[in-house]
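The structure appears below as structure tokens.
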Amino acid sequence: MGSDLKISTKIQDYILNNGLDLHPVQKEIISHNESLGDIKRMQISISQSQFLHLIVKTSNVKKILEIGTFTGLSALSMSLALPEDGRIIALDKNQETNEIAIKFFEKAKQSHKIQTIIKPALESLSEIKENDFDLIFIDVMFYGMVKLLMKIVMIKSL
């Protein structure tokens, strides 16, 4: 699973014990990812999913671009906080993990809010350049990150 910034165990325990209760499907995603071995590190942490939910809920966010979806915990966390007319475009190049994520989105009754695009992010950005986003969540780490960020900035004038 993803790791948090260096925060004390006491603070981490407080967040987990007093933070937002996870949706049953979020719990299912976490359980599924636990069985994946080392690749589970691609999942965001529980406190990060709670933080994303809080940002979306309190910021009047309606349109989100997510780059890096894995099995869908971050997208689902944000989707659950969106209003009914909110939308997420989730980009990831991995067909297998996207299919898993889509099943979780359907199970949580959030698939109407989440559009997945399965191809490298740099290719996908040119297809969605006419969209405006209230929030862009980048959860990937790769050599072309600077190129990706520059393309977003040029497209969206961030």
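The values are calculated or read from the model by the stated rules, or taken from the named source; none is laboratory data. These figures come from a predicted structure and were not determined experimentally. FYI the Cβ positions are ideal-geometry reconstructions off the backbone, even for glycines, and counts take in every protein chain you see.
Only one of (1) out of contact with any strand residue (DSSP E or B) (no Cβ under 6 Å at 6 or more places or on another chain); (2) modelled with pLDDT under 95 fails for Leu135. Which number is that?
Every condition holds for Leu135 apart from (1).
Can you work out which of the residues in the range 89-100 that are without any contact (Cβ under 8 Å) to a residue 40 or more places away in the chain and touching a strand residue (DSSP E or B) at 6+ places or on another chain (Cβ under 7 Å) is surrounded by the fewest Cβ atoms within 10 Å (Cβ to Cβ)?
By that ranking, first place goes to Gln95.
Is there a residue being assigned to a loop (DSSP other than H, G, I, E, B), crowded, with 16+ Cβ neighbours inside 10 Å and aromatic (Phe, Trp, Tyr) anywhere in the range 59-78?
Looking for residues that are assigned to a loop (DSSP other than H, G, I, E, B), crowded, with 16+ Cβ neighbours inside 10 Å and aromatic (Phe, Trp, Tyr), one finds at least one in the range 59-78, hence yes.
Looking for something within 19 Å of Lys109 (Cα to Cα), acidic (Asp, Glu) and not in a loop (DSSP other than H, G, I, E, B) - is there at least one such residue anywhere in the range 35-52?
Scanning the range 35-52 turns up no residue that is within 19 Å of Lys109 (Cα to Cα), acidic (Asp, Glu) and not in a loop (DSSP other than H, G, I, E, B).
Condition first: within 11 Å of the chain's Cα centre (by Cα) and touching a residue at least 40 places away in the same chain (Cβ under 8 Å). Now tell me which residues in the range 46-69 satisfy that.
Residues satisfying the conditions are Gln48, Leu52, Ile64, Leu65, Glu66, Ile67, Gly68, Thr69.
Does Ser35 satisfy being surrounded by fewer than 16 Cβ atoms within 10 Å (Cβ to Cβ) and modelled with pLDDT under 90?
yes
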